[in-house]
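These notes concern the structure reproduced below.
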Amino acid sequence: MTTRRLCPPAPGPLEAYAQRLDPLFSSLAQRRGLRNYLQGLLLPRDRNKTLTGLAGAEPISGAQHREVQRLQWFLSESAWDHEQINNRRVQLLCQDPATTPHDAGALVIDDTGDRKDGTATAHVARQYLGSVGKIDNGIVAVTSLWADERCYWPIHAVPYTPASRLAGGERHPGFRTKPQLAVELVQAAQQAGVRFRAVVADCAYGDNPGFTEALGAAGVPYVLALKPRKGTWAPAEAAHTPTEAAGDLGWQGSSKPGRWRRVTRRFRDGHTEIWWAADAALGGWGPDRRLRLVVATTDPGSLPGHSTWYLLTNLPRPTNRRAQPTDLADIVRLYGLRNWVEQGYKQVKGELGWADFQVRSDRAIRRHWTLVCCAFSFCWQAFLAEQPDRPAEPSLSELPDSKAAASAARGAEPTGHPRRTSRQELMAGGPASGAGLAGPMERAATLLAVVVASAPATAATTAA
């Protein structure tokens, strides 16, 4: 059996992470491409992380540089399976005690869109894009994420193909709506061994009967948001929307709360917020029905839109009255974990170049997203390995000092590997006359702090 040729190592703990993915790459060029791509994603952002940006080349003149071409081949043409890589990534997270999913966490379903010009790129069309808040030309991904109060990480991401891109439109056998893709992601998470307390999603999924019915038929618990004025059939004298149902809960002030129960949300930064939660009745939903409508708010009197949730759940209400406030608090806690997906989008887009790809094929796009998820997961695993007893977000004062960062920015020492050029020879300083490359600028352990430091405080909810 032929011994594998040694691959130029990645800096710091990134090399150990890459080695755990190496068995899924058949050639030295693929293993080198993995390391170079992850290094480029983890570099501090000073411009879009296109292939020239990942390699540190000049934006235009550097496009033909051999390192850029190697990354282009690795992403678009090389023979490796992105699904195998993602499965291995999720497996590593499940095996690590610091990130392993458990029964108190949430499986968060969501979708995100980004602008892309033209129509030559796979899945790109005029559609609603959450990043710009309107219909525009772009690409949308449906995603699943595991989260608890300590950490969160992506599980799967699949592109949504609008009907306008398919022959026959919605009648095309390959067409899937976003909720249908989301159901498939829930099934994929279960098959991957990801444990969770409930599926959590916003009103785009909570208001979709097909999504809720599919989860209910599969026996999957969920906590899903509803639009405040989502109408349902009811007798003329009864409530017809979640907002009206919340108004029937008997609130007369904190001393006479009616059916409302006080919930204290405790955040990691130390502050607390008093919320109120209650089981409401609306149509076929009720405290003792198969589906419950739970309302949570900071002010039951005014029901402010920015801090009021209307939640549909199939989690059964406890028969013990003393346990009911705790149950309401747990439902509020679970939906509060959904905020992590929004933070995750900010991190993978703002730091790791999720939407910066300039490739057109479906396979290359999926590969790029898979590698971004690998970089993101590596950040969490490396940080938690170094800080096992610390909260999952370092404060700004815990980031490396300027001298250490400047030293790290000079890069690791040249490896001496055959045909590997030293970092100093590849450095591009300002406008370059030719195509120059800049190697990794910081140790991976330092780079991950940039990603993790901006994580928000999550809410740990308890009944008062």
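General observations
- Restricting the stretch 148-163 to residues that are in a strand (DSSP E or B) and touching a Phe, Trp or Tyr at 6+ places or on another chain (Cβ under 7 Å), the residue that is nearest to H82 (Cα to Cα): A157
- In the set (1) touching a Phe, Trp or Tyr at 6+ places or on another chain (Cβ under 9 Å); (2) of a type in the set (A, V, I, L, M); (3) under 25 Å from Q84 (Cα atoms), the condition left unmet by L166 is number (3).
- Residue in the stretch 226-243 that is surrounded by 13 or more Cβ atoms within 10 Å (Cβ to Cβ) and in a strand (DSSP E or B) present: no
- Just so you know, in the stretch 365-413 the residues that are among the charged types (D, E, K, R) and modelled with pLDDT of 95 or more include one that is surrounded by the fewest Cβ atoms within 10 Å (Cβ to Cβ), and it is R366.
- Exactly one residue among P173, P97, P179, P154 is farther than 16 Å from N339 by Cα and open to solvent by less than 30 Å² (accessible area, probe 1.4 Å), and that residue is P179.
- Among residues of the stretch 188-211 being more than 20 Å from L337 (Cα to Cα) and open to solvent by 50 Å² or more (accessible area, probe 1.4 Å), the one that is farthest from the chain's Cα centre (by Cα) is P209.
- Hey, G250 open to solvent by 40 Å² or more (accessible area, probe 1.4 Å), of a type outside the set (K, R) and not in a helix (DSSP H, G or I) or not: no
- T308 meets the conditions (1) at pLDDT below 95; (2) open to solvent by less than 40 Å² (accessible area, probe 1.4 Å) in every case but one. The failed one is (1).
- Any hit, the stretch 343-350, residues being farther than 23 Å from T212 by Cβ and among the basic types (K, R): yes
- Selection count, the stretch 342-364, where residues are touching an Asp or Glu at 6+ places or on another chain (Cβ under 8 Å), part of a helix (DSSP H, G or I) and modelled with pLDDT of 95 or more: 0
- Residue list for the stretch 273-286, filter: surrounded by 13 or more Cβ atoms within 10 Å (Cβ to Cβ) and over 18 Å from T243 (Cβ atoms): E273
- Residues of the stretch 311-341 satisfying the condition of being in a loop (DSSP other than H, G, I, E, B) and buried (at least 23 other Cβ atoms within 10 Å of the Cβ): L337
- The single condition among (1) at pLDDT below 95; (2) buried (at least 20 other Cβ atoms within 10 Å of the Cβ); (3) touching a Phe, Trp or Tyr at 6+ places or on another chain (Cβ under 6 Å) that V140 does not satisfy is (1).
- Some residue of the stretch 120-131 being under 20 Å from G353 (Cβ atoms) and of a type in the set (D, E, K, R): no
- Residue list for the stretch 116-147, restricted to those being in contact with a Leu (Cβ under 7 Å, 6 or more places away or on another chain) and among the charged types (D, E, K, R): D136
- Which numbered condition Y160 misses (of (1) modelled with pLDDT of 95 or more; (2) hydroxyl-bearing (S, T, Y); (3) open to solvent by 50 Å² or more (accessible area, probe 1.4 Å)): (3)
- Qualifying residue in the stretch 58-71 (condition: within 29 Å of Q381 (Cβ to Cβ), among the acidic types (D, E) and surrounded by fewer than 20 Cβ atoms within 10 Å (Cβ to Cβ)): no
The values are calculated or read from the model by the stated rules, or taken from the named source; none is laboratory data. The structure displayed is predicted, hence computed values, not measured ones. Glycine also receives a Cβ, built like all others from the backbone with ideal geometry; neighbour counts cover every protein chain displayed. Heads up: the accessible areas ignore ligands, DNA and RNA and are worked out on the full protein's heavy atoms, side chains in. Shrake-Rupley method; radii C 1.70, N 1.55, O 1.52, S 1.80 Å.
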